[in-house]
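A.B. asks: This is the structure I want to talk about, given as structure tokens.
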Amino acid sequence: MSSVAGKTTGKANAAGKPSGGKPALLSGGNPQIPKGDGDAPVQAYITAMPGWKSEAGRRLDALIERTVPGVRKAVKWNSPLYGIEGQGFFLGIHCYTKYIKVALFRGAALRPLPPVESRDAHTRYFHIHEGEGLDETLVAGWIKQAAALPGWVP
């Protein structure tokens, strides 16, 4: 995953929240959420996603939960990660100014191939843009395939 530097919402406290109580947004609009395991930090990230991205994040999170019951969740490096206990992570999310980048860490093995290449030969991405519908059948297929493969272990 790319790291992005530079807060855009002012000074943040130790929990990554600016004085207004909401998490700080890093450059590109990615929420700064303290790392943590479980659903709570992922939901905090999704809630802090700016504008239309929050609803898109909720829909994607629900699709992942439906497709992979018992999915493991965590936030690391200001990005939600989804995985299988003992197998590592298969998917990550990161906000950019104009889209949400969804990383499939073993995406090169998926069919059909996710559309966006990575510098990492194994990883592929797809992007969610404002106003675009999400092809839930296609994305659920990628999620199911990705969850069945050995994942990325940080």
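A.B. asks: Mind listing whichever residues of region 78-110 are in contact with a Gly (Cβ under 8 Å, 6 or more places away or on another chain), small (Gly, Ala, Ser) and surrounded by 21 or more Cβ atoms within 10 Å (Cβ to Cβ)?
C.D. replies: Those that are in contact with a Gly (Cβ under 8 Å, 6 or more places away or on another chain), small (Gly, Ala, Ser) and surrounded by 21 or more Cβ atoms within 10 Å (Cβ to Cβ): SER79, GLY83, ALA103.
A.B. asks: If I filter region 109-123 for residues that are in contact with a Leu (Cβ under 9 Å, 6 or more places away or on another chain), modelled with pLDDT of 95 or more and among the charged types (D, E, K, R), do I get at least one hit?
C.D. replies: No - not one qualifying residue is present in region 109-123.
A.B. asks: Quick one: which strands (runs of 3 or more DSSP E) sit completely within region 87-154 and have at least 1 residues that are of a type in the set (Lys, Arg) and closer than 24 Å to PRO31 by Cα?
C.D. replies: Once the strands (runs of 3 or more DSSP E) in region 87-154 are filtered for at least 1 residues that are of a type in the set (Lys, Arg) and closer than 24 Å to PRO31 by Cα, what remains is 99-104, 124-129.
A.B. asks: From the list LYS98, LYS7, LYS53, LYS76, pick out the single residue that is among the charged types (D, E, K, R), modelled with pLDDT of 95 or more and farther than 22 Å from ILE143 by Cα.
C.D. replies: LYS98
A.B. asks: Out of ALA121, ALA140, I need the residue that is in contact with a helix residue (DSSP H, G or I) (Cβ under 7 Å, 6 or more places away or on another chain), of a type outside the set (Asp, Glu), surrounded by fewer than 15 Cβ atoms within 10 Å (Cβ to Cβ) and under 21 Å from LEU81 (Cβ atoms). Which one?
C.D. replies: Result of the check over ALA121, ALA140: ALA121.
A.B. asks: May I ask you to verify whether GLY133 is exposed (fewer than 13 other Cβ atoms within 10 Å of the Cβ) and over 14 Å from ARG59 (Cβ atoms)?
C.D. replies: no
A.B. asks: Quick test for you: out of VAL71, VAL139, pick the one residue that is of a type in the set (Val, Ile, Thr) and closer than 19 Å to PRO41 by Cβ. Talk me through it step by step, then tell me what you get.
C.D. replies: Details: VAL139 fails: closer than 19 Å to PRO41 by Cβ.
Exactly one residue qualifies, and that residue is VAL71.
A.B. asks: To continue, here is another question. Would it be correct to say that LEU26 is within 11 Å of the chain's Cα centre (by Cα) and under 23 Å from PRO154 (Cβ atoms)?
C.D. replies: no
A.B. asks: Name the single residue that is surrounded by the fewest Cβ atoms within 10 Å (Cβ to Cβ) among those in region 43-77 being among the β-branched types (Val, Ile, Thr), in contact (Cβ under 8 Å) with a residue 40 or more places away in the chain and not in a strand (DSSP E or B).
C.D. replies: THR67
The values are calculated or read from the model by the stated rules, or taken from the named source; none is laboratory data. All figures in this text were calculated on a predicted structure; none of them were measured in a lab. No Cβ is skipped: glycine too gets one built from the backbone with ideal geometry, and neighbour counts run over all protein chains shown.
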